[in-house]
Amino acid sequence: GISQTRYTDISRTMASKENKEEDEALAKYKAQLLKGMENPFPDDPRKVIAKKFFCNINGKLEEFDLEDSKSEMIIKLKEGSQFKFGIGFYTNHEISNGLKMKLTVKGKLVGAYSEDYLMGSFLPKKEMHQWVEKDFSEAPSGMTKRGTYTGNGSLYDREGKKYCDWTFKFTITK
């Protein structure tokens, strides 16, 4: 008969061969998807290039430049107003799998609130990708909710590789 050690070796070899075939098939599929795609920034080695942070307030879009580290991002909300966040970015050189955006907001009376948004996977293209939350949120109301809040955002992929971090503030007024 076949020894347990020999059986394990054969199983590993077969699994390795299957994985190699799957990797080759996946590489072929990715190459097919990328065929004809244009890199927006061929000389830039970054895979994902974040450009804009958006806040849609009651249908009016406010836009902030993520590459301008000197400008302060301040969002002004009135109590009860409807808002949602978004981001504009380019995918460069290859498919970006499982992009996510994380927003954390801190305030004196609310503690910290954090939300992770799964944005999806994106192919390279010359035009900027824009992703915006599906649903509006409502700004809190009441005297204790008014004031300035600090937010932190980050854009990363499912492997945890970060592409951009930013800070913003928003004020809630009556």
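The values are calculated or read from the model by the stated rules, or taken from the named source; none is laboratory data. Quick caveat: nothing in here was measured; it's all calculated off a predicted structure. Methodologically, a virtual Cβ is constructed for each residue, glycine included, from the backbone with ideal geometry; neighbour enumeration extends over all protein chains shown. In case anyone asks, the SASA skips ligands and DNA or RNA and just uses the protein heavy atoms, side chains included. Shrake-Rupley method; radii C 1.70, N 1.55, O 1.52, S 1.80 Å.
Odds and ends about this structure:
- Test: LYS108 is of a type in the set (Lys, Arg) and either under 18 Å from PHE168 (Cβ atoms) or at pLDDT 90 or above (or both): yes
- The numbered conditions (1) among the charged types (D, E, K, R); (2) touching a Leu at 6+ places or on another chain (Cβ under 6 Å); (3) surrounded by 15 or more Cβ atoms within 10 Å (Cβ to Cβ) are all true for GLU79 except (2).
- Number of residues in the range 132-168 that are open to solvent by 60 Å² or more (accessible area, probe 1.4 Å), of a type outside the set (Val, Ile, Thr) and either farther than 17 Å from PHE54 by Cα or more than 19 Å from the chain's Cα centre (by Cα) (or both): the value is 9.
- Considering residues of the range 35-57 that are exposed (fewer than 12 other Cβ atoms within 10 Å of the Cβ), free of Cβ contacts under 8 Å to residues at least 60 places away in the same chain and of a type outside the set (Lys, Arg) only, the residue nearest to LEU123 (Cα to Cα): GLY36
The rows are residues; the columns are (1) in contact (Cβ under 8 Å) with a residue 24 or more places away in the chain; (2) part of a loop (DSSP other than H, G, I, E, B); (3) touching a Phe, Trp or Tyr at 6+ places or on another chain (Cβ under 9 Å).
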position	(1), (2), (3)
LEU61	no, no, yes
PHE64	yes, no, yes
ASP68	no, yes, no
GLU72	yes, yes, yes
LEU77	yes, no, yes
PHE85	yes, no, yes
TYR90	yes, no, yes
LYS100	yes, no, yes
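- Residues considered: ASN152, ASN92. Of these, the only one that is modelled with pLDDT of 90 or more and not charged (D, E, K, R) is ASN152.
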